[in-house]
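**Student:** Take a look at this one; I'll ask things after.
The values are calculated or read from the model by the stated rules, or taken from the named source; none is laboratory data. Since the structure is predicted, the reported quantities are computational estimates derived from the model, not experimental observations. Neighbour counts are summed over all protein chains in view; Cβ atoms, including those assigned to glycine, are modelled from backbone coordinates with ideal geometry. Protein only, heavy atoms only, side chains kept; ligands, DNA and RNA dropped before computing areas. Shrake-Rupley method; radii C 1.70, N 1.55, O 1.52, S 1.80 Å.
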Amino acid sequence: MVKVIKAGKSQEEVVANDTKVAEIVSGALKDVETRGDQAVRELSEKFDKWSPESFKLSESEIKEIVAQVPDHVIEDIKFAQTNIKAFAEAQLASLHDVEVENIPGVILGHKNIPVDSVGCYIPGGRYPMVASAHMSVLTAKVAGVKRVIACTPPINGEIPKATIAAMYLAGADEIYLLGGIQAMGAMAIGTETIESVDMIVGPGNAFVAEAKRQLYGRVGIDLFAGPTETLVVADHTADAEMIATDLLGQGEHGPTSPGALITTSEELAHETIKEIARQLETLPTADVASVSWEDYGQVLVVDSIEEARVEADRMAYEHVEILTENPDYFLENMTNYGCLFLGPETNVAYGDKVIGTNHTLPTKGAARYTGGLWVGKFIKTVTYQKVTPEATAYIGEYAARLCRLENFEGHARQADLRVSRYGKN
């Protein structure tokens with residue numbers, strides 16, 4: 001039986017907030033579609049107080065910016081990108097073209113073809129998400145995407161130099177200092193000066209996530225990524241300090257970032273709540289993390305590890321840390337999660353920044369049907385078929401009958417023609 005020690009906001013309250021965001025995004029995207037560059041410029045002035053002569057950075061501007069980034073920062077970025085590239089390359093190696101002759105004379109196959117062009121959004125604001133450049137731009141390049149453009153907003157009127165350096169080192173073909181809805185709209189819809197792309201990817205705030213949702217169909221997307229979610233599953237072997245640290249560490253992303261604890265120990269549940277209150281007294285980002293915990297934090301006590309697994313799968317959170325005696329039980333049995341972090345030695349921050357797995361992951365229950373961003377998201381698996389004259393005469397008779405079974409006479413005649421033309425041979 002599940003005992004709720006602390007509950008977050010109701011689903012009704014969450015939906016009401018989403019509706020307000022959707023209305024703002026819809027109006028902005030229509031404006032971009034109607035007025036192009038002028039709308040983009042006005043939105044940038046309104047939201048970012050940013051209106052340069054050109055949003056696109058020239059090659060010389062990029063190199064000048066990168067030259068100003070301290071050497072140790074460049075080294076750290078390269079370390080992270082080496083790990084992320086290596087894992088992406090390993091994932092790419094797992095994808096194979098296929099060709100089989102499943103009936104004599106009938107050749108069927110599939111090919112893996114990279115998307116032609118991709119737009120990557122790298123968030124800025126209070127937290128310049130340097131790592132998102134590695135996760136999106138670099139992964140797209142490993143997949144073989146020919147044109148990768150990247151957008152990031154200015155921060156208080158300043159250029160986020162480390163983020164630009166990460167975009168450049170990751171291999172971005174075009175870099176724009178442009179943020180929010182206007183960036184997503186410009187990349188997906190296109191303007192007089194920004195050529196549209198086939199796919200947009202990357203995390204962002206509620207407005208960026210909603211823009212992706214509304215633009216889906218016009219372009220492809222990686223996934224619907226909302227506010228960061230973190231779930232810790234813990235038993236008697238875990239400690240409150242680590243749980244509190246890891247939940248608050250992700251809660252600082254934003255005031256709507258859910259954090260949850262599922263534990264078999266009611267004592268640990270109460271200790272964790274006290275420890276969170278203690279850490280909030282000194283956490284520099286407590287102004288954000290305290291709101292996310294108060295409004296969206298949850299603490300559940302369950303009777304067994306199996307019940308913990310059932311509840312964790314039901315919640316289908318983005319990040320799931322396993323702090324139990326046997327973490328591999330969850331690796332073997334859990335099915336709904338964005339990324340698993342197994343054991344106290346690892347944590348979500350590793351996945352967010354440096355270790356090699358991708359940090360753009362499913363939220364709001366999407367882990368029930370999709371994984372996160374990876375090389376395969378940038379690749380289309382397309383099929384083909386080739387048939388010999390003898391085989392088409394054989395297959396055609398089956399096809400004609402099956403088409404007529406569904407009242408598709410025109411379909412059936414395609415098959416009839418092959419039977420009559422090649423059956424003679």
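**Student:** In the range 220-238, how many residues are open to solvent by 10 Å² or more (accessible area, probe 1.4 Å), assigned to a strand (DSSP E or B) and of a type outside the set (Gly, Ala, Ser)?
**Tutor:** Going through the range 220-238 one residue at a time, the tally reaches 1.
**Student:** Say whether the condition of being closer than 24 Å to Gly226 by Cβ, open to solvent by 10 Å² or more (accessible area, probe 1.4 Å) and within 16 Å of the chain's Cα centre (by Cα) is met by at least one residue in the range 132-140.
**Tutor:** yes
**Student:** Let me ask something else about it. Run Lys63 past the list (1) open to solvent by less than 90 Å² (accessible area, probe 1.4 Å); (2) over 25 Å from Ala349 (Cα atoms); (3) assigned to a helix (DSSP H, G or I) and report the number of the one that doesn't hold.
**Tutor:** Failed condition: (1).
**Student:** Sticking with this one: Take the residues of the range 340-353 that are hydrophobic (A, V, I, L, M, F, W, C) and buried (at least 21 other Cβ atoms within 10 Å of the Cβ): which is nearest to Glu252 (Cα to Cα)?
**Tutor:** Looking at residues that are hydrophobic (A, V, I, L, M, F, W, C) and buried (at least 21 other Cβ atoms within 10 Å of the Cβ), I get Val348.
**Student:** Of the conditions (1) part of a loop (DSSP other than H, G, I, E, B); (2) crowded, with 18+ Cβ neighbours inside 10 Å, Val208 satisfies every one except a single condition; which number is it?
**Tutor:** (1)
**Student:** Go through Phe87, Phe79 for me and flag whichever is closer than 28 Å to Glu174 by Cβ, under 24 Å from the mean Cα position of the chain (by Cα) and open to solvent by 100 Å² or more (accessible area, probe 1.4 Å).
**Tutor:** The match here is Phe79.
**Student:** For the range 169-194, enumerate the residues that are within 16 Å of Ala140 (Cβ to Cβ) and part of a loop (DSSP other than H, G, I, E, B).
**Tutor:** Gly171, Ala172, Asp173
**Student:** If you check every pair at least six apart or on different chains, which have Cβ atoms under 7 Å apart with a residue in the range 88-102 that is in contact (Cβ under 8 Å) with a residue 12 or more places away in the chain first and a residue that is of a type in the set (Phe, Trp, Tyr) and surrounded by 10 or more Cβ atoms within 10 Å (Cβ to Cβ) second?
**Tutor:** So the pair list comes out as Gln91/Trp374.
**Student:** So which residues in the range 277-308 are surrounded by 20 or more Cβ atoms within 10 Å (Cβ to Cβ) and in contact with a Phe, Trp or Tyr (Cβ under 9 Å, 6 or more places away or on another chain)?
**Tutor:** Correct list: Ala308 only.
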